[in-house]
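To keep things clear, I will list the structure first and then write my remarks on it.
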Amino acid sequence: APHTEDEKYPPIVYEGTRLASHPNDNSSVHRANHIEVATPNNCFSFPFENSYAVGSSNNRILALQSAAIEMSDAKFGEMPLYAFTTEGIFALQAGAQTLYSNVIPINYDKIINPNTLAINGAIAYITEKGVHLLTNQGTQVISTPIHNKDNRPPLDFLKVCKMIYPKEHNEIVLLNEKSATGMAYVYNLEAGYWSTRDLKGIKLNT
């Protein structure tokens, strides 16, 4: 019987290089500020040219989202990929020769909830300032976390809620199924007002 694992599984040395790999080595490198994109039709291949650093080495990516556009608009692939990080929001612009050609900081908003929501042409996200809408024209705060005022969701609710978009009603619904109040906050995108509803959808206040 071999005395050590190295004797049982000798290192693999690649000819012409100094690289060695141990078959039992399960260690991995964690780069929380990198986006790694696989090659088409091969989810196990991550080429070096498809690795994108977002922000500083201490940055951490919390969420990725791209604005949803109707396929009939013939704009598939034109929208950038947005990275929501501890250092702010970055846009990865698609390139002609490469998958993404630029990583551009959009703002320095610090999101407090990794749940983001793609709406037609916009993205909703949450910071300590409230609920934001990100469009190609910039960002707009649609809710400030003021307790018990104008039916707007408070800060402690914003930190743990989920967001959904019932397209037929054109509303953003913020809900927490574990909330003791059993109440959802709803923002009507057309009228621009908040209301509260129970989790069955019955309107409580406007």
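Some points to look at:
- Subset of the stretch 81-111 that is of a type in the set (S, T, N, Q) and touching a residue at least 24 places away in the same chain (Cβ under 8 Å) - its residue that is surrounded by the most Cβ atoms within 10 Å (Cβ to Cβ): Thr85
- Ala191 meets all of the listed conditions (1) modelled with pLDDT of 90 or more; (2) farther than 27 Å from Gly55 by Cβ; (3) among the aliphatic types (A, V, I, L, M) but one, namely (1).
- Taking every residue in the stretch 173-186 that is within 17 Å of Leu155 (Cβ to Cβ) and at pLDDT 75 or above and pairing it with any residue that is crowded, with 19+ Cβ neighbours inside 10 Å and of a type outside the set (A, V, I, L, M, F, W, C), at least 6 positions away or on another chain, the pairs with Cβ-Cβ distances below 6 Å are Leu174/Pro153; Leu174/Tyr185; Ala184/Arg197; Tyr185/Pro153.
- Conditions (1) open to solvent by less than 100 Å² (accessible area, probe 1.4 Å); (2) modelled with pLDDT of 60 or more; (3) assigned to a loop (DSSP other than H, G, I, E, B): number failed by Asn24: (2)
- Yes/no for Thr98 being farther than 20 Å from Gly192 by Cβ, modelled with pLDDT under 90 and of a type in the set (Val, Ile, Thr): yes
- Scan of the stretch 161-173 for residues that are surrounded by 13 or more Cβ atoms within 10 Å (Cβ to Cβ) and in a loop (DSSP other than H, G, I, E, B), ordered by number: Cys161, Tyr165, His169, Asn170
The values are calculated or read from the model by the stated rules, or taken from the named source; none is laboratory data. Note that the coordinates shown come from a computational prediction; the quantities given were computed from them, not determined experimentally. Neighbour counts are summed over all protein chains in view; Cβ atoms, including those assigned to glycine, are modelled from backbone coordinates with ideal geometry. We work out accessible area using only protein heavy atoms, side chains counted, and drop any ligands, DNA or RNA first. Shrake-Rupley method; radii C 1.70, N 1.55, O 1.52, S 1.80 Å.
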